[in-house]
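Engineer: Just dropping this structure here.
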Amino acid sequence: MTKTQIINFFSDFVKIQSVSTDKKRFLEIKKAVSFLKDFLLKLGFLVKVLEKEKAPPLILATLVFDKKAKTIGIYGHYDVQPEDPVSEWQTPPFLLTQKDGKFYGRGVADNKGHIVQNLFAIKKLIEEKKLKNNIVFILEGEEETGSIHFEDYVKEAKDILSKVDVFYLTDTGMHQKNAPQIFYGLRGIIYFELTVKIGERDLHSGVYGNRVYNPINVLADMIGKIKDIKTGKIQIPQFYEKVRKISKDELLLLKKTLKSDEEEKKEAAVFSLTEIDGFGSLSSKIFPSFDCHGIISGFTQEGQKTVIPKEAKVKFSFRLIEHQNPNEIEKLVFDFVKKNLPKEVKWELRCLSKSAPFYTDVNNLWVKKTASVLKDIFGNEVVFNRSGGSIPAAEILQRLYKKPIILTGFTLPDDNIHAPNENFDEEMFFKGVEALEKIYSVNF
């Protein structure tokens, strides 16, 4: 097995435009499934593809090395974010490009690169007869749309997944180059779409300004009421009622992960930063958050058009901290929107997806052995960290099967996931393959 073989496979994988949020590219989703299935079959895996109508399939692939050996579950997702805005890419989004010591392309970091690392780590262990554990691959195709069907799929696979002793989710990154991390906490997420309609047609702003509601103004007013941008606090009553308070010991642990404002501004390529209660870079890890993702309405082309649009739509989400229940938050948000919108407008609030926060104990044998391997490969102690992001599979697998969850990964903070010019450091990519080979060859 050579680096060229790995890169060629990686390139073919990136070419597949498996964008789960775009229904027009569902055939690309199916193509990704066939691509992965064929490779796993060649490695000797028994492959089962679970399907639901119009939903991306889940791939379950099992390789039994020894019935008495431990079984490791390896999770990844083959779907990717949309490539927009294409004009900001410096390389073609669906063409794997090597440049300046990095791999570029949509999905290289999130999460196709990690899938490739895992597949080739296992391939090498099989070829060299060094595999010490049974392996189950769990590869989903709708992580980027909230893993809507994932819980149903993994319940359906109870006969396979109940035999797993530990789940590895390589869908996170490193603290910095050669500084590996293991994550013990993730925020949950609940995603909404709110539509406000004021009438049956667009109107002339000179004739009707001051006489009718402007739906964009209505949404802007609503957004302003949800969050105080000066304090960063969400203003919905009872929103923070069940938030788990971070202990002093945990804060001491997290202080090792703190980044300076200058470092974080450089990573994010922003002009300034905000924070909550003086917690700096921890603000996006230990507190819930609210963010708008897009407003759709009115005239947005070049030039002028003095129109009051008939309707406006906003997409927004809340990231949640452990002990916050997404179902309870959904009701709080609905009640808040109903109370604060003008009674005279028509509106619809849709919840598009939701997943609970994840939190786990890192004091177990699996974590200790994994941390030891990572230290050997990268030369530095493992950083134990929380992430402000969300991976629904982590909470679902832990809740249903009550086995250790190891969250780690090999991308760097400047990997541009979900943005143009997504990348994966080439050195960390191949060191990651080496680390996974060693982890999966440990006799637990």
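Engineer: Using a simple charge model, +1 on the beta-carbon of Lys and Arg, -1 on the beta-carbon of Asp and Glu, nothing else, what dipole does segment 187-298 show about its Cα centre, in debye to the nearest 20?
Structural biologist: It comes to approximately 280 debye.
Engineer: Now a separate question. Ignoring ligands, DNA and RNA, how do 386, 350, 201, 211 rank by accessible area with a 1.4 Å probe, largest first?
Structural biologist: Ranked list, largest accessible area first: 211, 201, 350, 386.
Engineer: How high is the relative contact order of the chain, in percent, with contacts defined as C-alpha pairs under 8 Å that are six or more residues apart?
Structural biologist: Relative contact order here is 26 percent.
Engineer: Right, here's the next one. Any idea of residue 46's accessible area? Nearest 10 Å², probe 1.4 Å.
Structural biologist: About 130 Å², rounded to the nearest 10.
Engineer: Say the dipole of the chain comes from +1 at the beta carbon of Lys and Arg and -1 at that of Asp and Glu; which of 385, 65, 199 then lies farthest toward its positive end?
Structural biologist: In the chain, that residue is 65.
Engineer: Ignoring ligands, DNA and RNA, how do 171, 159, 22 rank by accessible area with a 1.4 Å probe, largest first?
Structural biologist: Most to least solvent-accessible, the answer reads 159, 22, 171.
Engineer: Which option, (i) 40, 25, 22; (ii) 38, 27, 19; (iii) 43, 22, 20, is the value of semi-axes √(5λ) of the Cα gyration tensor in Å that was calculated from these coordinates?
Structural biologist: For semi-axes √(5λ) of the Cα gyration tensor in Å, the calculated option is (i).
Engineer: Can you compute the charge dipole magnitude of the chain about its Cα centre, using +1 on each Lys and Arg Cβ and -1 on each Asp and Glu Cβ, nothing else charged? Give it in debye, rounded to the nearest 20.
Structural biologist: 980
Engineer: Now a separate question. Give, to the nearest whole percent, the P(r) tail of segment 199-274 beyond 16 angstrom, counting all Cα pairs.
Structural biologist: 74
Engineer: Would you work out which of 442, 401, 166 lies farthest towards the positive end of the dipole of the chain, given +1 charges on the beta-carbon of Lys and Arg and -1 on that of Asp and Glu, about the Cα centre?
Structural biologist: The residue sitting most towards the positive pole is 401.
Engineer: Which value, in debye to the nearest 20, gives the size of the charge dipole of segment 158-222 about its Cα centre, when Lys and Arg are +1 and Asp and Glu are -1 at the Cβ?
Structural biologist: Charge dipole of segment 158-222: 80 debye, to the nearest 20.
Engineer: Report the far tail of the P(r) of segment 239-389, meaning the percent of Cα-Cα pairs longer than 19 Å.
Structural biologist: Working: 7826 of 11325 pairs.
Considering segment 239-389, 69 percent of its Cα-Cα pairs are separated by more than 19 Å.
Engineer: Here's a follow-up. Per residue, what accessible area does the chain have, given a 1.4 Å probe and all protein chains present, in Å²? Please list the in-between numbers first.
Structural biologist: On the way: 21460 Å² over 444 residues.
With the other protein chains kept in place, the chain gives 48 Å² per residue.
Engineer: Same structure, new question: Taking every DSSP beta bridge that has both residues in the chain, what percent is antiparallel when rounded to the nearest 5?
Structural biologist: 70
Engineer: With a ≥ b ≥ c taken as the square roots of the eigenvalues of the C-alpha gyration tensor of segment 1-75, please select rounded if a/c is under 1.5 and otherwise prolate if a/b is larger than b/c or oblate if it is not?
Structural biologist: Oblate, since a/c reaches 1.5 and b/c is not below a/b.
Engineer: Which value, in Å² rounded to 10, gives the accessible area of residue 207 with a 1.4 Å probe and all protein chains present?
Structural biologist: The accessible area comes out at roughly 90 Å².
Engineer: Among 139, 150, 80, flag the residue with its Cα farthest along the positive direction of the charge dipole of segment 1-160, charges on Cβ as +1 for Lys/Arg and -1 for Asp/Glu.
Structural biologist: Of 139, 150, 80, it is 139.
Engineer: In segment 249-327, which trypsin sites (Lys or Arg not before Pro) fall in coil by DSSP and have 13 or fewer other Cβ atoms within 10 Å?
Structural biologist: Listed in order of number, the matching sites are 256, 305.
Engineer: Then there is this: So what does log10 I(q)/I(0) come out to for segment 7-130 at q = 0.12, 0.13, 0.20 Å⁻¹, using the Debye formula with one equal point on every Cα and no solvent?
Structural biologist: -0.50, -0.58, -1.18
Engineer: If each residue of separation counts as 0.36 nm, what is the full-extension length gain between residue 244 and residue 231 once their alpha-carbon separation is subtracted?
Structural biologist: Gain on extension, residue 244 to residue 231, equals 2.7 nm.
Engineer: Could you check how much of the accessible area of the chain is carbon and sulfur, as a whole percent, using a 1.4 Å probe?
Structural biologist: Summing carbon and sulfur atoms, their accessible area is 50 percent of the total for the chain.
Engineer: What do you get for chymotrypsin sites (Phe, Trp or Tyr not before Pro) in segment 291-398 restricted to DSSP loop and a cutoff of at most 12 other Cβ within 10 Å of the site's Cβ?
Structural biologist: Counting only loop positions with at most 12 other Cβ atoms within 10 Å, the chymotrypsin sites (Phe, Trp or Tyr not before Pro) in segment 291-398 are 299.
Engineer: Sort 401, 213 from largest to smallest accessible area, using a 1.4 Å probe on the heavy atoms of the protein chains.
Structural biologist: Working: 401 30, 213 105 Å².
I get 213, 401, largest accessible area first.
Engineer: Further question: State the Cα centre-to-centre distance between segment 54-82 and segment 159-200 in whole Å.
Structural biologist: Each part's Cα centre sits 16 Å from the other's.
The values are calculated or read from the model by the stated rules, or taken from the named source; none is laboratory data. Bear in mind the structure is a predicted one, so any value in this text is a computation, not a measurement. Heads up, the Cβs are rebuilt from the backbone with ideal geometry, glycines too, and the neighbour counts pull from every protein chain shown. When the accessible area is computed, the model is the full protein with side chains, heavy atoms only, and any ligands, DNA or RNA have been set aside. Shrake-Rupley method; radii C 1.70, N 1.55, O 1.52, S 1.80 Å.
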